[in-house]
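Chemist: Structure incoming, see below.
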Amino acid sequence: MFRQWVHQVYATQDREIDCGQLFELLSGYVDLQVAGVDAAPWAPQIQVHLAQCAECNDLYQSLLEIARLEAGGTLPDSAQLLRELRQFAAPREEAQPEPVVVEAK
Ligand SMILES: [Zn+2]
């Protein structure tokens, strides 16, 4: 699983990736973060995309939060998930994407 992810990452390492490619890499990336692995050096292209793309950055933050809650044995209630889904569906203003801050857990 991890090996496969690393292969995927290496396959795209020298290129800029688009949102679809990022999405494919994101769950493995989030799993690593939750496991306490700093995946950033493995996947600079993910960092680059997250820094440039506010939508993917939001998705990443949400996935990370959900994965952490799962790892902690608690899941957000469905009302909260629905609220977050609505936020995704809502049109967003043009905003300067903030750099990704990876919190150590
Ligand atoms: Zn994107």
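Chemist: Taking the convex hull of the alpha carbon atoms in the stretch 1-55, what volume per residue do you get, in Å³? Spell out each step's value before the answer.
Modeler: Working: hull volume 4.2 nm³, N = 55.
Dividing the Cα hull volume of the stretch 1-55 by its residues yields 76 Å³.
Chemist: With r defined as the distance between the Cβ atoms of Glu70 and Ala40 and R0 fixed at 22 Å, what FRET efficiency is calculated, to the nearest 0.05? Present the calculation step by step, with values, prior to reporting the outcome.
Modeler: Working: r = 22 Å, r/R0 = 0.98.
Computed FRET efficiency for Glu70 and Ala40 comes out at 0.55.
Chemist: Provide the per-residue ³J(HN,Hα) series for the stretch 51-67, in order, calculated from phi with Karplus coefficients 6.51, -1.76, 1.60 and θ = phi - 60°, each as a whole number of Hz, with x at glycine and proline positions.
Modeler: Result, rounded to whole Hz: 6, 9, 10, 5, 5, 5, 5, 4, 4, 4, 4, 5, 4, 5, 5, 5, 5.
Coordinate-derived values only; no laboratory data. The shown structure was predicted, so the numbers you read here are calculated from the model rather than taken from an experiment. Every residue, glycine among them, receives a Cβ derived from its backbone with ideal geometry; neighbour counts consider all protein chains shown.
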